[in-house]
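Read through the structure below, which is laid out as structure tokens, and then see the notes.
Just so it is clear, none of the values below were taken in a lab; they were calculated from the coordinates. Bear in mind that the values here come from a model prediction, so they are computed numbers and not experimental data. Don't worry about glycine lacking a Cβ; one is built from the backbone with ideal geometry, like all the others, and counts go over all protein chains shown.
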Amino acid sequence: MASLMAMTALGAREAAVVTVGPLSIAERVDVAVASVAVRRGRVLAAGVIPQPGPSRWEAGKPFSAFWVTPDMWFVEADFAAHELLADGLKASFGDAASVTEQTDAWVIFDLSAPDLAPVFERLCNVDFQALPEGYATRTVLDHLGVYLIKHGSGAARVYGPRSSAQSLLHALKIAARSAF
Amino acid sequence: MSQSHRIEGGQIDRSKTLRFTFDGLPYLGHPGDTLASALLANGVRLMGRSFKYHRPRGPLSAGSEEPNALVELRSGGRQEPNTRATVAELFDGLEANSQNRWPSLRFDALAINDRLNAFFAAGFYYKTFMWPKSFWEKLYEPMIRRAAGLGSVSREEDPDSYDKGFLHCDLLVIGAGPSGLMAALTAGRAGKRVILADEDFRMGGRLNAETFAVAGTSGADWASAVVAELSTLPRVRLLARTTVLGAFDHGIYSAVERVSDHLPVPAAGKPRQVLWRIYSDRAILCGGATERPIAFENNDRPGIMLAAALRAYANRWGVKAGERIAVFTNNDDGLRTASDLKAKGVEVVAVIDSRDGEEVIDTHGRLGLKTIITRDRKGRTREIRVDALGVSGGWNPNVNIHSHHRSRPVWDASIAAFVPGAEGPPGLMVAGAAAGVLSTHGALRTGRDAAISALGLTGAMDLPEAEDAPISVSALWHVAHGKGRAWIDQQNDVTVKDIKLAQQENFTSVEHMKRYTTLGMATDQGKTGNVIGLAIMAELTGRSIPETGTTIYRPPYTPVALGALAGRSRGKEFKPYRLTPSHHWAAEQGATFVEVGNWLRTQWVPKAGETEWRQSVDREVLATRKSVGICDVTTLGKIDIQGTDAGAFLDRVYANTFSTLPVGRCRYGLMLREDGIVFDDGTTARMGEHEYVMTTTTANAVTVFRHLEFCRQCLWPDMDVQLISTTEAWAQFSVAGPNARRLLEKVVDQDISDAAFPYMGAGNITVGGLRARLFRISFSGELAYEIAVPVMRIEKGHVAGGELNGQSTALNMGLGRMVSKKKDSIGMVLSQREGLTDAGGYRLVGVRPVDPKAKLTAGSHFLEKGAAAVAANDGGWLTSKVYSPHIGSDIALGYLKGGDSKIGTRMRAVNLLIGQDTEVEIVSPHFLDPEGERLRG
């Protein structure tokens, strides 16, 4: 019987936490993610996941979600409690939705600082300062396609491609050193 | 080191002293100085040499328009050529050197060019270097290239970093003079989001250089107070040391912020410069105006400066540019210089006002001005001993950015200058001197009004009291006198004579004149010379100045370091890397990696004692053939395709059929472009009734996904199909070789015997309880699986990059039967075009040398035995080659005309580039196990 050990996107056993001046960058390995796309002409069972509109993230329990494209969301949940998130959602929605596990497709960094605008203005073409809380967008950050979710003026989550976790973290650190 | 020319006043911090060197000599200055003001304060006028004639030059201006005082700053990797001393902010330890001279600035051997000026008139190289023709490449061009350019670079790597960034605002104000400050204040007090950018390190523009009062205090103090207020407004961002470079589409402006240029080295982690892309709803150009000189004989000597620059050095920097100063002007503003200098106690020995019929006709002084020759209205001449001369020919509004979308400026005779035309970049307004409003009151008023208009504000702030003198100017472009040279473009050594020559030779259009004479083509882009040049051309041709027009204005407004344009994307940070799930393990084993797109893919893993790559690779190949090998194939693109129409969708995007594929099975698929050429290939597995997993090549992972999204969204929006990439979601390993199953049986939890998991089977399994996927597919011809957990092709004749070259059809690859005629699919119709179906066309073949020791090279061409190596006899080419330790020789794949009918024949593989001519045997592309017994075992 094989015994596999989990490894983070950065190749470590533990999630990374990096501090640059007032900025904290925390790798999140405790988030389960699945994509949910509504099949044509179907409606999702109500009350299972939030279904926010374009460019929005919406908190929920146990599932939060953000919009990625028409009729499609990324659903977030606590990994420990919902490791099989995709299976659970498939069971909930049946053939009304196409559900795909995304947990290991992404590296997730939570950024916190008194004000994150100076970091993001050096990284991507998103007007972080002016956008409302709960704003979620796909953007390009250091040549990488990422999802950026604003949870507050000093709190944001970045979903980056897992294979480029090191490059993405490097870009975040360099921008923070430049900004702060 | 005495600062002999320092006088009272100015906005410098005399409590601190800065040490710096110029050409190795030590000098002193103060915070607030520029390199030019500090050198002038130390009595240094000679700062550079001109481009062509190597004429001695000092600063003409006190700003970014400077054509003459170009120097090299710093040394080593930070050495920076062609920097304008007039804007270089002084810091302690600054190391500056003159350039374009040898052996020294005072004695420059190439000043011989000045003596030979008759041979170096405009267009001389078009006429001189025409023959003999063979000399051009060997002699003339290298010689010209060696002589060209001004400063030098160290060729060491720049140790500093450069950032790029994005800013957003309601209003971008370009320039922080009186109009810009008033516009920003108006918008800022209204709560608008404002960016105020100025190229200077001290905001205030000309207010810092003048003595007029604004709101009952000095202009400089008023500016400081406004800047202080603006800095307290939370939605206003002040960007000093920031030059707006250009206006682009959709309200986008570029700007470079010089974060650390004023420091010896950047602070830890800080960039040298930041290139900003500014998104602005509205913008106001408050870029001021540039004073222009008047052309007269020998008007380029060190000590001859723009009159307002003389005034600025005295008022802002507490510097007198000379002991005995004269002013030559055609307008009232020039008179201000005389009165300001007198008020500072500087000796003003003469004011020559062309409106009174007086002119300066010549000057003397080899390395610096010593005397001027004047002529009065009666023609009487007089020689006056001076060491500085201020020249004012009027002011040119800085229309550049307003003209970046090709808006033509229009002539305003009242100020004898071009002002912005009606059609500028959408959303951009112009205020103050840039709009041709040259009084302080006018600047304040138009700045305020532009902000109100741009943002739709109601109510207007009261304007501070300020001078509002009318403009009195009488155009004078050049002084008609003698046969000597009178400079227009000082940096490129373009004189009035050159304009006359251009006119004589019929280069009368301004665009032709520019290129024939090089007027305005230097680093200063002719900020002080262009209008004079075209005005003189207008005189010569009898056309009006507006008829003559201006050349096109283009970004950047001032020169930009290439480092700023590159930003962080250089060296190892040129692009982000993608690492496979096994990367860290492989790195620990000492693996060698190869870049495949952004991926770093393991190439081979050496073992102790192996000294060259072939030993490692051969061992790995043989191990796979004899036992088992593992390869990380995570880089292959993976796309999850779901929906009730998923099967039908695949039938349309693949040339072969997938809707009939049973659940739990996978199939090799061939994807064509619309034109019938092969686009990509890979296997697709059916994981459920409405759920497929497609595999793409690594190189096409993104383009195939994009293509599928285009098909889904645009071609067949009615289909029920959902797509999402899962390339990164699964760590996928190929396990191949006779012992592949035995190995996997040790890790997977299910029965994977041939009966339970047959060839081309696919399914969800578990590995130690962890969910996983298993596909029984092979690219090596061996018994093989690909196993995926949340994470040798050529012997089997499998096509890859060399064969998928964007020109090959399924027929070329021997896969013609895969293109189903029973259904429509992308590329099916056009793949049947005449020319693509020629029986004698290229076919994929295998190639091996008749002599096993002989070498093959990819790119070699097929030739019949005895045929001459000419294009007419070309039979095709080798697309890829490897050494096969299993077969014991080089083997290759290739496209050969009519190749399917030539199996078993002998030809030659000829490579003229390396002199290789190898007899080869044409064989099946399936070198190994053509019947597939191994992979089905």
*Give the long-range amide H neighbours of B:Trp877: residues separated by 5 or more places, or on another chain, with amide H under 5 Å away, using H modelled in the peptide plane at 1.01 Å from N.*
B:Phe862, B:Tyr895
*Distance check, please: which entries in A:Lys173/B:Lys572; B:Lys500/B:Lys527; B:Lys52/B:Lys138; B:Lys320/B:Lys342; B:Lys572/B:Lys638 exceed 18 angstrom between their Cα atoms?*
B:Lys500/B:Lys527; B:Lys52/B:Lys138; B:Lys572/B:Lys638
*Pulled fully out, how much extra length does the chain show between B:Asp718 and B:Thr703, if you take 0.36 nm times their separation in residues and subtract their Cα-Cα distance?*
3.2 nm
_Need one number: the % of Cα-Cα pairs in chain B sitting beyond the 51 Å mark._
43 percent
*Compute the label zone of B:His584 within the stretch A:104-139: residues whose backbone N is under 19 Å from the point 7 Å along Cα-to-Cβ.*
A:104-110
*Within 10 Å of each Cβ in peptide A:172-178, how many partner chain Cβ atoms are there on average? Round it to a whole number, please.*
4
*Taking 7 Å along the Cα-to-C-beta vector as the label spot, tell me the B:Leu540-B:Thr17 distance in nanometres, rounded to one decimal.*
5.2 nm
*For B:Arg817 and B:Gln832, calculate 0.36 nm times their separation in residues minus their Cα-Cα distance, and state this gained length in nm to one decimal.*
4.2 nm
*asked:* Can you give me the long-range amide H partners of B:Asp890? Hydrogens built in the peptide plane at 1.01 Å from N, cutoff under 5 Å, separation of 5 or more residues or another chain.
replied: B:Ser884
_Based only on other Cβ atoms within 10 Å, what is the fewest-to-most ordering of B:Tyr759, B:Tyr27, B:Tyr692, B:Tyr125?_
B:Tyr125, B:Tyr759, B:Tyr27, B:Tyr692
_Ratio of the Cα radius of gyration of the stretch A:31-103 to 2.2 N^0.38 Å, where N counts its residues_ = 0.97
*Extension reserve of the B:Thr611-B:Arg189 stretch, reckoned as 0.36 nm per residue once the Cα distance is removed*: 144.7 nm
_Between the stretch A:26-75 and the stretch B:67-104, what is the separation of their alpha carbon centroids in Å?_
58 Å
*Regarding the protein assembly as shown, what is the average projected area of its C-alpha convex hull, in nm²?*
52.3 nm²
*Evaluate E = 1/(1 + (r/R0)^6) for B:Asp281 and B:Arg380, where r is the Cβ-Cβ distance and R0 equals 51 Å; express this FRET efficiency to the nearest 0.05.*
0.25
_Using the Cα atoms of the stretch B:796-898, I'd like the radius of gyration and the largest Cα-Cα distance, Dmax, both in angstrom._
15.5, 48
*Report, in deg cm²/dmol and to the nearest 500, the calculated mean residue ellipticity at 222 nm for chain B, where each DSSP H run with n ≥ 4 adds -39500 (n - 2.57) and the sum is divided by the residue count.*
-5000 deg cm²/dmol
*Karplus (6.51, -1.76, 1.60) ³J(HN,Hα), θ = phi - 60°, over the stretch A:171-176, in Hz, Gly and Pro reported as x*: 4, 5, 5, 5, 5, 5
*Roughly speaking, what is the centre-to-centre gap between the stretch B:19-49 and the stretch B:716-767 when only Cα atoms are used, to the nearest Å?*
73 Å
*May I ask you to derive the FRET efficiency for B:Glu347 and B:Arg155 from their Cβ-Cβ distance with R0 = 41 Å, giving the value to the nearest 0.05?*
0.30
*Applying 1/(1 + (r/R0)^6) with R0 = 25 Å to the Cβ-Cβ distance of A:Asp78 and A:Asp115, what FRET efficiency is obtained, to the nearest 0.05?*
0.30
*Give me the net charge of B:Met828's neighbourhood, meaning all other residues with Cβ under 14 Å from the Cβ of B:Met828; Lys, Arg count +1, Asp, Glu -1.*
+3
*asked:* In the stretch B:561-577, whose amide N lies under 15 Å from the spot 7 Å out along Cα-to-Cβ of B:Glu595? List them in ranges.
replied: B:569-577
*Could I have the simple spin-label model distance between B:His481 and B:Lys865, label points 7 Å from Cα toward Cβ, reported in nm to one decimal?*
9.2 nm
*Quick one: order A:Leu131, B:Leu369 by neighbouring beta-carbon count within 10 Å, fewest to most.*
A:Leu131, B:Leu369
_Modelling each spin label as a point 7 Å along the Cα-to-Cβ direction, I'd like the B:Ala469/B:Gln916 distance in nm, to one decimal._
8.1 nm
*asked:* About the Cα centre, and with charges only on the beta carbon of Lys, Arg (+1) and Asp, Glu (-1), how big is the dipole of the protein assembly as shown? Nearest 20 debye, please.
replied: 1980 debye
*List the residues whose amide H sits under 5 Å from the amide H of B:Leu167, counting only those 5 or more places along or on another chain, with H placed 1.01 Å from N in the peptide plane.*
B:Arg277, B:Ile278, B:Tyr279
*Projected area averaged over orientations for the stretch B:18-107, convex hull of C-alpha atoms, nm²*: 5.5 nm²
_Beyond a 30 Å Cα-Cα separation, which of these cross-linked pairs lie in this structure: B:Lys607/B:Lys902; B:Lys270/B:Lys575; B:Lys626/B:Lys822; A:Lys150/B:Lys164?_
B:Lys607/B:Lys902; B:Lys626/B:Lys822
*B:Tyr53, B:Tyr140 arranged by Cβ crowding within 10 Å, fewest neighbours leading*: B:Tyr140, B:Tyr53
